[in-house]
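Visitor: Before I ask anything, let me first share the structure, which is written out below as structure tokens.
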Amino acid sequence: MNRRNFLILTLAVCFVLLPAVFSFFKADAQTTTQAKPSPTTTPAQTVVPSPTIEDDDTPIIIDTELVNLNVRVVDRNNRSIANLSQNDFTVYEDNVPQKIEFFSKSEVPTNYAMVIDNSGSMRLQLDKVIEASKIIVNTNRADDETSIIRFVNSENIEITQDFTPNKSDILEALDNLYIEGGATAIIDAIYLAAERVDQYEKSRNPLERKRRALILVSDGEDRDSFYKEQQLFELLRESDVQIYAIGFVNELSKEGGFIGKSPQGKAKSFLERLVKETGGKVYFPNALSELNGIAQDIANELRTQYSIGYQPSSDKKDAVYRAIRVTVNDGPNKEKRIAITRTGIQKENKNPTPTLQNQTKIKTQ
């Protein structure tokens, strides 16, 4: 084959194979493009978060209403009964049995305010009252806190020592109490003291359980309060404060009006209702020599109680007032046991009427 014919044959083969080669490279380019897509065309990935694992040590707060009760149990001779179990108690709210969610018979720390009448009617008793108050303070445990409030009239209600565990500061505040003239405003003093206890409790860690109490020392006769009894008792049902009262009523007149009680009768009735509503206790000493024994009894009462918590029935949560009753199983030989606690709870008034607004303020030093 000559040179010319060989060149013609080579060109012919190239024309035949050229489309195939072109198709091959085109297909390879498409494959390469698909294997490496442009970032702008890549669909966004959906990230599904993994389930959150709760830490067992983290407290879970549930929006619920737990009603706390401090319950004293006594026999018919008013002697305290200890070592009872949860199964001995039944709690009723509006006569409906409630499930007990919390129960403890161990000693619970106490925050209490001593509310002491410094009006002229207490002139002869004040030194002995201070002595007895020191007995109570000296029984405080490390976690107890005490406040001292002195009162005369509505314009003279004063915190001389705010809540503190420091016994020296508390005892000094007691030593600095003094008598002033003025018409006694016992209802105002209790109202503002209960408010202060409640405010202080709300400022603390809610997981720390503490009992709240007032220890009131007065003759029990109110002469000059802005607040009414009804307003006071509504507040006490909201704030869960136990009241222990020492009433020096013997110096009050026993002579009543034509249809009304005597000043002494009114004072005793008021103090008795006060402690019954709050689950506390009242003392009416006949002599100043009884005060030390009363002080020791109050100190024991504050620390020998059962703590019970229950969650109200769902259909009762919106009630404005709910009556509470606690019963205890009889003891050996059908020994009667009596449970003493507050008589009811009242839903907080979110929109108080003008008559419930403070017309007098508690002072601090």
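The values are calculated or read from the model by the stated rules, or taken from the named source; none is laboratory data. All values derive from a computational prediction rather than experimental measurement. No Cβ is skipped: glycine too gets one built from the backbone with ideal geometry, and neighbour counts run over all protein chains shown.
Visitor: Limited to region 44-66, what total is found for residues that are out of contact with any Asp or Glu (no Cβ under 8 Å at 6 or more places or on another chain) and modelled with pLDDT of 80 or more?
Guide: Residues flagged as out of contact with any Asp or Glu (no Cβ under 8 Å at 6 or more places or on another chain) and modelled with pLDDT of 80 or more within region 44-66 amount to 0.
Visitor: Would you pick out the residues in region 274-302 that are surrounded by fewer than 17 Cβ atoms within 10 Å (Cβ to Cβ) and under 22 Å from Asp88 (Cβ atoms)?
Guide: Scanning region 274-302 gives a single hit, Asn300.
Visitor: Here's another thing I want to ask about it. Taking Ile148 as meeting all but one of (1) more than 26 Å from Ser289 (Cβ to Cβ); (2) surrounded by 20 or more Cβ atoms within 10 Å (Cβ to Cβ); (3) β-branched (Val, Ile, Thr), write down the number of the exception.
Guide: Answer for Ile148: the failing condition is (1).
Visitor: Restricting to region 67-93, and then to whatever is closer than 29 Å to Leu192 by Cα and not hydrophobic (A, V, I, L, M, F, W, C), can you tell me which residue is surrounded by the most Cβ atoms within 10 Å (Cβ to Cβ)?
Guide: Top of the filtered list is Asn70.
Visitor: Yes or no: Gly265 modelled with pLDDT of 90 or more and surrounded by fewer than 20 Cβ atoms within 10 Å (Cβ to Cβ)?
Guide: Here the answer is yes, as Gly265 does meet what is asked.
Visitor: Taking region 163-184, which residues are surrounded by fewer than 19 Cβ atoms within 10 Å (Cβ to Cβ), at pLDDT 95 or above and not in a loop (DSSP other than H, G, I, E, B)?
Guide: Selection gives Thr164, Lys167, Ser168, Asp169, Leu171, Glu172, Asp175.
Visitor: Sticking with this structure for a sec: Quick check on my filter: what residues within region 162-194 are closer than 16 Å to Glu145 by Cα and in contact (Cβ under 8 Å) with a residue 40 or more places away in the chain?
Guide: Step one: of region 162-194, the residues closer than 16 Å to Glu145 by Cα are 162-174, 193-194.
Within region 162-194, Asp162, Phe163, Leu174, Ala193, Ala194 qualify.
Visitor: Taking Leu214, is it in a strand (DSSP E or B) and out of contact with any Asp or Glu (no Cβ under 7 Å at 6 or more places or on another chain)?
Guide: Criteria met by Leu214.
Visitor: So is Ser218 small (Gly, Ala, Ser) and buried (at least 22 other Cβ atoms within 10 Å of the Cβ) or not?
Guide: Criteria met by Ser218.
Visitor: Now for a different question. Here's a check for you: in region 299-329, which residue that is under 16 Å from Ala82 (Cβ atoms) and assigned to a loop (DSSP other than H, G, I, E, B) is modelled with the lowest pLDDT?
Guide: Thr304
Visitor: Of all residues in region 82-117, count the ones that are polar (S, T, N, Q) and touching a helix residue (DSSP H, G or I) at 6+ places or on another chain (Cβ under 7 Å).
Guide: The number of residues fulfilling the criteria is 2.
Visitor: Note down all Cβ pairs under 9 Å where the first residue falls in region 282-304 and is free of Cβ contacts under 8 Å to residues at least 60 places away in the same chain, the second is outside any helix (DSSP H, G or I) and among the hydroxyl-bearing types (Ser, Thr, Tyr), and they're at least six residues apart or on different chains.
Guide: If the second residue must be outside any helix (DSSP H, G or I) and among the hydroxyl-bearing types (Ser, Thr, Tyr), the pairs left are Val282/Tyr244; Tyr283/Tyr244; Glu290/Tyr283; Asp297/Tyr283.
Visitor: Cβ-Cβ distance below 6 Å, separation of 6 or more or different chains: which pairs start in region 330-346 with a residue that is over 23 Å from Ile243 (Cβ atoms) and end on one that is among the charged types (D, E, K, R)?
Guide: Listed by first residue and then by second, the contacts come to Gly331/Arg337; Lys336/Arg76.
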